[in-house]
Every structure is written in structure tokens, then in C-alpha cells.
Amino acid sequence: MSFSYAIATPSYAGDYERCRLLCASIDRFVTGHAVHYLLVEDRDLALFKPLAGPKRRVIGEAELLPAWLKSWPDPLTFGRRRVWTGLGALGRGIPPLRGWHAQQLRKLALPLKSSEDVVLFADSDMIFLRPFDLGCLDVDGKVRLYRKPDNIKPGMAEHVAWCEGAARVLGLPMPGFPSADYINNLVSWRRENVVSMMALIEQRTGRDWVSAIAGQRQFSEYMIYGYYAERVVGLHRAGHWPDALELCKVYWGGDAEGIASLRSFEEVLGTGQVAVGVQSFIGQPVELLRALFEAQ
């Protein structure tokens, strides 16, 4: 069985230059995909439009999310940040959401609108550094699903809440801990599973899927999909094979102190890793990242 593949990247204006670098790295190193989707807020469409091309499409939220969920300047931050809300959302019991919530909802919505069999999510603060063909995700007709056994421990309060939220929306028993972790960079999903997962959520909750998921406020798109694929369907029937390898080397917080001393990211990539992710909030300048990318 051969699959068609898409790459999807949620982004926003503040990450534009990083996203542009990601796109350059995909164009240089990545093959096997039909299209790369950039998922952005409607007001950012004009900014991101120059990144569109024969294999890259920029999609605004209006194509993905319901009209009753809109972004507004957040009065609590004097408009420096955005908040996703509205009378329709509040009437559905959905609390005001932040940008990271909206990005997760865009990811969940894309497979319902796109036609490719498999979508691989690549965050906009990532850079591909080694050749990577999406066909390698397919092993004997099964698609790779990132799964790290027993990685979520009882003391990880936020992750525990995401696990419990996933179980709740899918109608599963509350999970025990430690629990498997499905959260990572370069996570691949099968479109047919997302379609059946949303149908289950809507049938079970009696609500549209956006309301059912976002009404919890604490949710993880990767945990919901992982729990569905493994605990509802079963990984084999869901067409997945589990892999704990982290394809992307990620820098968080203090981990980034040594970046400036690198001659090339090749010095830090491990066996099997094809990309590096430098979280935008740790303040590494894009110029440095671009220089290290060009040094590959």
C-alpha cells in the first residue's frame, strides 16, 4: 500500500522568520510529500502568502475552524496577545483560549479538510538538517506513530491533565500512570483515523468536536489522537507502528546555552535525527539559526 503525504505547520506572525527558515529547510532536505500546509490566523494570511508555492499552501483559520470561534486582542495584555473566544464559544461553554489552543485545533481540523492519507506535523521553530523522505514513515503498510512508553509520570500535573482529558473526551476509563507519551516533534497521523475519531467524539458527547475538545481547555491534540489510535482502535488496526525515537533534537530553556558555540548543528544531532527545534521563547536569534543551517 502506498500513501500520500502532507506536512503541516501551524504558525503565527511572531514566528514568521523561523517559519520561513523551516520552509527553506523542507525545500532543501525533505521529499515524498504532496504539499506543505501552513496553518495561520486569518489576519496573518497576507504575511505568509509569499511562502506559498507549487507544493506549499497557506490556510487561514476560516477554512478550518467554526465561525463562532474568533481571535481578538486580549484586553488583559493590552492587545499584545490574542484570545480566541466569542459569544458563540462562550455559549457553548468554551472558556477563552490562547494561541497554543488554536494551533492544536488547526492540527485536528486539517485532516478533515485535506485529502492526503498521512499528515506529518512540523512546528515552525524547527529546521530540517538531513535528507528525509516521508516514505520512510511507512513500514509494511503501517505508519509511524511516536510513542514513548511510561514517559508521563504521576507528578507531571499538566501532562496528567492532558491524559485524563483525552480519556474523558473519548469515553475511556481514567488512565493509570506512568502512561505512554505521544507528544513530540514530527508526529504523523493517518487521516482516516482523525475522521473516525471525530465521529466518535461527536457521537459520544452530543457536541461538535471543537466544543467537546476545547470545552476542557486543558487538552493535547497528540494525546487525544494517541489514546484513540492505541486504546480505542488498537495500533495495528489503526495502521500504526510505534516508535520512541525523537526525530528532532529540541532545545528548551537552559539547554540552548551552547548553541552559539556550535559550528554546525551536525555536532548535536543524534543517530536517526533529521531536524533540530529551538523553542522561540528562549531568545536565540534567527540569524544565528540561519547561519548554522547554512553551515550544514
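Points worth noting:
- Strands (runs of 3 or more DSSP E) within the stretch 155-263 that include 1 or more residues touching a residue at least 40 places away in the same chain (Cβ under 8 Å), in contact with a Gly (Cβ under 8 Å, 6 or more places away or on another chain) and not polar (S, T, N, Q): 179-181, 187-190, 248-251
- Restricting attention to the stretch 118-153 and to residues that are surrounded by fewer than 20 Cβ atoms within 10 Å (Cβ to Cβ) and either modelled with pLDDT under 95 or acidic (Asp, Glu) (or both), the residue that is nearest to Arg217 (Cα to Cα) turns out to be Asp150.
- Candidates in the stretch 264-279 are the residues that are outside any loop (DSSP other than H, G, I, E, B) and crowded, with 17+ Cβ neighbours inside 10 Å; of these, the one that is modelled with the highest pLDDT is Ala275.
- Answer from Gly88, Gly135, Gly60, Gly99 - the residue that is in contact (Cβ under 8 Å) with a residue 12 or more places away in the chain and either over 28 Å from Leu22 (Cα atoms) or hydrophobic (A, V, I, L, M, F, W, C) (or both): Gly88
- A single entry from Arg80, Arg57, Arg28, Arg20 fulfils the requirement of being in a loop (DSSP other than H, G, I, E, B), on the phi < 0 side of the Ramachandran plot and not hydrophobic (A, V, I, L, M, F, W, C): Arg80.
- Residue in the stretch 166-178 that is at pLDDT 95 or above, buried (at least 16 other Cβ atoms within 10 Å of the Cβ) and among the aromatic types (Phe, Trp, Tyr) present: no
Quick grid of which residues meet (1) more than 30 Å from Phe293 (Cβ to Cβ); (2) among the polar types (S, T, N, Q):
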position: Phe177; (1), (2): yes, no
position: Asn193; (1), (2): yes, yes
position: Met198; (1), (2): yes, no
position: Ile201; (1), (2): yes, no
position: Trp209; (1), (2): yes, no
position: Gly215; (1), (2): yes, no
position: Val250; (1), (2): no, no
position: Ala260; (1), (2): no, no
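- Positions within the stretch 57-73 being out of contact with any strand residue (DSSP E or B) (no Cβ under 8 Å at 6 or more places or on another chain) and within 12 Å of Asp42 (Cα to Cα), in sequence order: Ala62, Glu63, Leu65, Ala67
- Any hit, the stretch 241-260, residues being modelled with pLDDT under 90, surrounded by fewer than 15 Cβ atoms within 10 Å (Cβ to Cβ) and charged (D, E, K, R): yes
- Asp15 vs. criteria in contact with a Phe, Trp or Tyr (Cβ under 9 Å, 6 or more places away or on another chain) and part of a helix (DSSP H, G or I): no
- The stretch 88-102, subset outside any loop (DSSP other than H, G, I, E, B) and within 20 Å of the chain's Cα centre (by Cα), residue surrounded by the fewest Cβ atoms within 10 Å (Cβ to Cβ): Trp100
The values are calculated or read from the model by the stated rules, or taken from the named source; none is laboratory data. Keep in mind it's a predicted model, so treat the numbers as computed, not measured. As a convention, Cβ positions derive from the backbone with ideal geometry for all residues, glycine included, and neighbour counts pool all protein chains shown.
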